[in-house]
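The values are calculated or read from the model by the stated rules, or taken from the named source; none is laboratory data. Since the model is a prediction, treat every value here as computed from it, not as a measurement. Here the Cβ positions follow ideal geometry from the backbone for every residue, glycine too, while neighbour counts run over all protein chains shown. Heavy atoms of the whole protein, side chains included, go into the accessibility calculation; ligands, DNA and RNA do not. Shrake-Rupley method; radii C 1.70, N 1.55, O 1.52, S 1.80 Å.
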Amino acid sequence: MAQTIYLPDGTTEIMFGRDSFQKLVAERLGYDAEKMLQEIIDEADYTKVKVQTDLVSYESSLEDNTSCFQEILAKVEKIQRNINSKRMSKDKILELLSNIEAEIHNQI
């Protein structure tokens, strides 16, 4: 999409994207200004990639935590069934609690 830029000298330039603007900077302000602009663009691109990488990492962490909580919930339900049964097995409950504790330690 084209954009019109009005310059202080009264002229106008039509921009068709980042490259057009960078070319205008080079023509009107020189190579040093274009180089500075390129550094700003590179920094912004790096920041965008870093943010995206951080988001992917965060989403992965959330998925791991969700999976862990689902496993813990399943074990808690087994403990509840064991407690409610006629023949409660302390050993089975202790084993499930130990598994839950190990899963929590792995997530921390």
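Some observations on this one:
- Qualifying residue in the stretch 79-97 (condition: small (Gly, Ala, Ser) and in a helix (DSSP H, G or I)): no
- Condition met for residue 35 (assigned to a helix (DSSP H, G or I), open to solvent by 80 Å² or more (accessible area, probe 1.4 Å), in contact (Cβ under 8 Å) with a residue 12 or more places away in the chain and of a type in the set (Lys, Arg)): no
- A single entry from 19, 9, 45 fulfils the requirement of being open to solvent by 80 Å² or more (accessible area, probe 1.4 Å) and either in contact (Cβ under 8 Å) with a residue 60 or more places away in the chain or in a helix (DSSP H, G or I) (or both): 19.
- Restricting 54, 64, 91, 19 to those that are under 30 Å from residue 3 (Cβ atoms) and not β-branched (Val, Ile, Thr) reduces the list to 19.
- Boolean, residue 40 is modelled with pLDDT of 90 or more, of a type in the set (A, V, I, L, M, F, W, C), open to solvent by 50 Å² or more (accessible area, probe 1.4 Å) and not in a helix (DSSP H, G or I): no
- Selection of the stretch 51-91 for residues being in contact (Cβ under 8 Å) with a residue 12 or more places away in the chain and basic (Lys, Arg) yields 75, 78.
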